[in-house]
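Trainee: Quick one: the structure is below, and I'll ask about it shortly.
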Amino acid sequence: MHTDTLATVDTGTVRGLHRDLIRIRLIDERIAALYPEQEMRCPVHLSIGQEAVSVGVCANLRRTDRVLSGHRSHGHYLAKGGSLKAMFAELYGRATGCTSGKGGSMHLLDLEAGFFGAVPIVGSTIPIAVGAAWASRMRGEDRVVVAFFGEAATEEGVFHEAINFAQLKRLPVLFVCENNLYSVYSPMSVRQPEGTEVYQVAAGHGVESAQGDGNDVVEVYTMARAAIERARQGRGPSFLEFKTYRWREHCGPFYDNDIGYRTPAEFEHWRRSCPIERFEAQLRDSGVMLPEELASLRREIEQEIDEAVAFAKSSPFPDAADMASFTYAE
Amino acid sequence: MSRDLKFVQALNEATDLCMAKDSSVQIMGLGVPDPKGVFGSTLGLQEKYGAERVSDLPTSENGMTGVAIGLALAGMRPIVTHIRLDFAVLTLEQLVNQAAKWHYMFGGRMRVPMVVRMIVGRGWGQGPQHSQSLQAWFAHVPGLKVVMPTTPHDAKGLLIASIEDDNPVIFIEHRWLYNISGPVPEGVYRVPIGSARVMREGTDITIVAISYMALEALRAADVLASHGISAEVIDLRSLRPWDERTVIDSVRKTRRLVVTDTGWKIGGFSAEIVARVAEDGVAMAVPPRRVCLPDSPTPTSPALSAHYYPRAVDIEETVAAMFGVDLPEVHAPVTIPLDIPDMSFSGPF
């Protein structure tokens, strides 16, 4: 799906997709650049290379819809509209962070934006997303819930338990699997039988399932649009698997191709399939956006990031007296 | 107005009242709407409140606990049932990593108002995996609350308090309490989580008892009284938070402490109580003692389980030894088999 598909999406949406892709890339690259200062003292799992899945899915969501995620959640949080300042402040451990310094990069939250939480225990937010969808239906709220996770989560029991239940109850949930081929450094070949296609496993639960190119933001957008519409109409859950690739190390700001768990050829193949470069080529070909606009867009985003980093670094740390606060709800 | 209800009827009535007054309360679990209704505790609820709010579940304990957490985060007040606590061991990830943490780790922005009911089995060959009393595990985790009512009055009052609480509450019920009767007020009332109850006042020794062991402690107190020993029996009722004040004040008065628990001794909640009293510097006339399960899994054969569970006589002998008193060997004759709570119980679980 290329330029022809692009024609089915309105220009405003196309520009929005493009802006969000670049924004997430620049934000995570800034984190990578600043991380060696050792002021962000929490693990970070960067979304670089995988941005198109976050952007393509979330562009179909309303602010009142809800998104949950796992350890690699920056892209999902940002694409859903999570506050950038609160995110940077959280990475810097500040009181102004999105969880007041209690969570860090692995526990982002922005309720106003509908980003309903992320946790690093693989697969654990999947049943929670299903429960949130059930609650919305019982309460008569018109919300769709999206659970983002990696392909390793489909090896967890709770994934199967949750997707079975979502289908049983026909809940308004979209399961989005970013298949980046690795669980930390363990490839698919040591984790799932040869020939397994993750989306077919989901289909075994009776759920409407499909597989797409996770580095083609328009394909992600159009596939997610159909699934989300389906959920909104009360026709039940869907499962979308998107093949994509993480560029940087599993956890941290650097590249780790030197340690030998993946080949230079494989990395190069995926780097050439950069979701942003591919989309920009489409845009240029179709005349949607001119090169000078790209430059000003990047400058504008860099300035937003400058401000967010400055906000974070100048924010106070939480008070020591708040160490145990919020252990219980009053 | 109070009438006598069984423990199981008190649970049912508490659930019914909460569902009637708050449409966000729902109950779910394997068999909740089935003809047995979790030993009767959920009977009749689906007819009144419908299949969405009173729901059977797939046999997916961990996943369904996650679903319940999602419900709670999104505005519902789910009650989840496990007909044996042992099945809830499958849910530790969701309970410990998620339910206990979301309020804290999201800086107070997320709440998990849910109740997880777990039933501890005993006797009739429940064996190693249908009888475990793992309250100490849950009580170890900040963010969870843990309660274990003994009387029908407290079963109702604590269940209402638990349903209304904005935190995840582990509500542990001992199967041998289900048929005991006692006065239960009508209407809505609450027993505060974290409050113990002095079941019997005494001056010579404090017996802190958890769940079913409170009944054994009361029996023991009767026998001890006939030997001139005045035992104060405290039903702990809540393990997290627990009523340190009531226990410490009592031990200060009696200067002697026995803790009796339905769980194992090593690493058990009894250790927490003894340690806390010791840390408080309460002067004791003799070292404290514990009457808990021996250090093995639960055996199945009645010939073995008869020697496994501590009873009133074990508490009596422990206390007597602390006073240097010899109790006569002969106790009241055993009129019922040792593997059932009373003659109304005919198995299988």
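Trainee: Given a cut-off of under 8 Å on Cα pairs at least six residues apart, what relative contact order in percent is computed for chain B?
Mentor: Values: 736 pairs, mean separation 56.7, N = 349.
In percent, rounded to a whole number, it is 16.
Trainee: Here's a follow-up. Limiting things to C-alpha atoms, what are the Rg and the maximum Cα-Cα separation (Dmax) for segment A:158-314, in angstroms?
Mentor: Cα only, segment A:158-314: 19.2, 52 Å (Rg, Dmax).
Trainee: Any idea what % of Cα-Cα pairs in segment A:142-220 are farther than 17 Å?
Mentor: 48
Trainee: Still on this model: Ranked by Cβ crowding within 10 angstrom, fewest neighbours first, how are A:SER47, A:SER105, A:SER286, B:SER2 ordered?
Mentor: B:SER2, A:SER286, A:SER105, A:SER47
Trainee: While we're here: Counting only C-alpha contacts under 8 Å and six or more residues apart, can you give the relative contact order of segment B:17-70 as a whole percent?
Mentor: On the way: 52 pairs, mean separation 18.2, N = 54.
Averaging sequence separation for qualifying contacts and normalising by length gives 34 percent for segment B:17-70.
Trainee: As a check on your grasp of the helix formula, calculate [θ] at 222 nm for the protein assembly as shown: sum -39500 (n - 2.57) over DSSP H runs of n ≥ 4, divide by the residue count, round to the nearest 500.
Mentor: -11500 deg cm²/dmol
Trainee: Using the scaling law 2.2 N^0.38 Å as the reference, what is the normalised Cα Rg of the protein assembly as shown?
Mentor: Dividing the Cα Rg of the protein assembly as shown by 2.2 N^0.38 Å gives 1.10.
Trainee: At 37 °C and a viscosity of 0.692 mPa s, what translational diffusion coefficient does Stokes-Einstein give for segment B:69-190, taking Rh as the Kirkwood radius over Cα pairs? Give it in µm²/s as a whole number.
Mentor: The estimated diffusion coefficient comes to 218 µm²/s.
Trainee: Can you check what the net charge comes to around A:ILE126, using other residues whose Cβ is under 11 Å from the Cβ of A:ILE126 (Lys, Arg +1; Asp, Glu -1)? Spell out each step's value before the answer.
Mentor: Values: positive: none; negative: A:GLU156, A:GLU161.
Cβ neighbours under 11 Å give a net charge of -2.
Trainee: Along each of the three principal axes of the Cα atoms of segment A:81-159, give the extent in whole Å, ordering the values from largest to smallest.
Mentor: On the principal axes, segment A:81-159 reaches 35, 33, 17 Å in Cα extent.
Trainee: Using DSSP to define loop residues, name the GluC sites (Glu not before Pro) in segment A:36-118 whose beta-carbon has at most 16 other beta-carbon atoms within 10 Å.
Mentor: Counting only loop positions with at most 16 other Cβ atoms within 10 Å, the GluC sites (Glu not before Pro) in segment A:36-118 are A:GLU39, A:GLU112.
Trainee: Computed over the Cα atoms of segment A:95-210, what is the ratio Rg over Rh, Rh following Kirkwood?
Mentor: 1.00
Trainee: Right, something else. What are the principal axis extents of the Cα atoms in segment A:1-49, in Å, biggest first?
Mentor: Computed over segment A:1-49, the largest-to-smallest principal extents equal 45, 19, 13 Å.
Trainee: Using the 10 angstrom Cβ neighbour count as an exposure proxy, how do B:GLU279, A:GLU266, A:GLU155 rank, fewest first?
Mentor: Ascending number of Cβ neighbours within 10 Å: B:GLU279, A:GLU266, A:GLU155.
Trainee: When the gyration tensor of chain A is built from Cα positions, what are the square roots of 5 times its three eigenvalues, in whole Å, from largest to smallest?
Mentor: 27, 26, 21
Trainee: In the protein assembly as shown, what percentage of the DSSP-assigned beta bridges are antiparallel, given to the nearest 5?
Mentor: 20
Trainee: For segment B:238-349, would you read off the P(r) tail past 22 Å as a percentage of all alpha carbon pairs?
Mentor: Result: 45 percent of Cα pairs exceed 22 Å.
Trainee: With a Cα-only, solvent-free Debye model of chain B, what are the log10 I(q)/I(0) values at q = 0.12, 0.16 Å⁻¹?
Mentor: -0.85, -1.45
Trainee: May I pose another question? Over all residues in A:105-112, what is the mean tally of Cβ atoms on other chains that come within 10 Å of each residue's Cβ?
Mentor: Neighbouring Cβ atoms belonging to other protein chains average 2 per residue here.
Trainee: In addition: Could you list A:GLU293, B:GLU47 so that the one with the fewest beta carbons within 10 Å of its beta carbon is first and the one with the most is last? Mind showing how you got there, number by number?
Mentor: Working: A:GLU293 13, B:GLU47 10.
Fewest to most other Cβ atoms nearby, the residues stand as B:GLU47, A:GLU293.
Taken together, the values in this text are just the output of simple stated rules run on the coordinates, not laboratory data. Note that the structure is predicted; figures quoted are calculated from it, not measured. For neighbour counting, all protein chains shown are included, and Cβ atoms are generated from backbone atoms with ideal geometry for every residue, glycine included.
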